[in-house]
Amino acid sequence: MNTKRLTIMTEIAIMAALAYILGMIKLFQMPQGGSISLIMLPIAIIALRRGVVPGLITGLLVGELDHLIGGYVVHPVQLLLDYPIAYTAVGLVGLARPAAGVPQLGKVWSFLFGAIAIRFLCHFTSGVVWFGSYAPEGMPVATYSALYNLSYLVPEFIITGIVLTLLAKKAPQQILLARSYTS
């Protein structure tokens, strides 16, 4: 196996583990699942360092770790929506990665927003279909699911974006730019 491929695989494993650990450090925990943490940060970093595919793989691993170590599953489709698909979407931030140089922060925020929108749709759909019984009496299930999921995803998006911006400004060479290796 060549050095570059091994390095990328190692970075994916480290970032997936780091994301899971950061996900355990919760600023706020919602009563029926969901929390505000930095779980998306390492996924976004690897996506910006190495591209979309490593970002998607890292997100998939994080989703599966989250599912296997403490996930709540009521249906196989709900499992897919709330864990692997939702976190894999964060890897789409890698679309903001330029061919050379540091990613433009406006693009990073745009793709992070798109990724969080897909993650929201996954959790929203799951909430409407499988967790509608938690909606207060008289409140439409879709409204409840939207408000519930936005209440933690919006702050998580903002915090992740701010930390990513700070890292990009303070240490772009170390964090966001992968060194070239010869095989």
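The values are calculated or read from the model by the stated rules, or taken from the named source; none is laboratory data. Keep in mind it's a predicted model, so treat the numbers as computed, not measured. A quick note on method: Cβ atoms are made from the backbone with ideal geometry, for glycine too, and the neighbour counts reach across all protein chains shown. Ligands, DNA and RNA are stripped out before the accessible areas are found, and what is left, the full protein with its side chains, is counted by its heavy atoms. Shrake-Rupley method; radii C 1.70, N 1.55, O 1.52, S 1.80 Å.
Things worth noting here:
- Karplus-derived 3J(HN,Hα) values for region 55-61, using 6.51 cos²θ - 1.76 cosθ + 1.60 with θ = phi - 60°, are x, 5, 5, 4, x, 4, 4 Hz; glycine and proline are entered as x.
- On Cα atoms only, tilt of 141-170 relative to the major axis of the chain in degrees: 20
- Helix-only [θ]222 nm of the chain, DSSP H runs n ≥ 4, -39500 (n - 2.57) each, per residue, nearest 500: -21000 deg cm²/dmol
- Mean separation of Cα contacts under 8 Å, 6 or more apart, over the residue count of region 1-156: relative contact order %: 21
- Other-chain or far-sequence residues with amide H under 5 Å of S35's (modelled H): M30
- Counting only protein chain heavy atoms and rolling a 1.4 Å probe, the accessible areas of R119, R50 rank, largest first, as R50, R119.
- V73-F113 pseudo-label distance in nm [points 7 Å out on the Cα-to-Cβ vector]: 3.5
- For the chain, with +1 on Lys and Arg beta carbons and -1 on Asp and Glu, the positive-most of Y83, I21, A171 along the dipole: A171
- Against the criterion of solvent-accessible heavy-atom surface with a 1.4 angstrom probe, E156, E11 sort, most first, into E11, E156.
- Helix 3-24 axis, angle to the chain major axis (alpha carbon atoms, nearest 10°): 30
- The alpha-carbon of K26 sits under 15 angstrom from the alpha-carbons of these aspartates and glutamates, leaving out residues fewer than 8 places away in its chain: D66, E156.
- 3J(HN,Hα) along region 91-101, derived from phi through the Karplus expression 6.51 cos²θ - 1.76 cosθ + 1.60 where θ = phi - 60°, amounts to x, 5, 4, x, 5, 7, 6, x, 4, 8, x Hz, with x in place of Gly and Pro.
- Pairwise label distance in nanometres, I162 with S133, each label 7 Å out on the Cα-Cβ vector: 3.8
- Translational diffusion of the chain was estimated from the Stokes-Einstein equation, with Rh taken as the Kirkwood radius over Cα pairs; at 25 °C and 0.890 mPa s the coefficient is 147 µm²/s.
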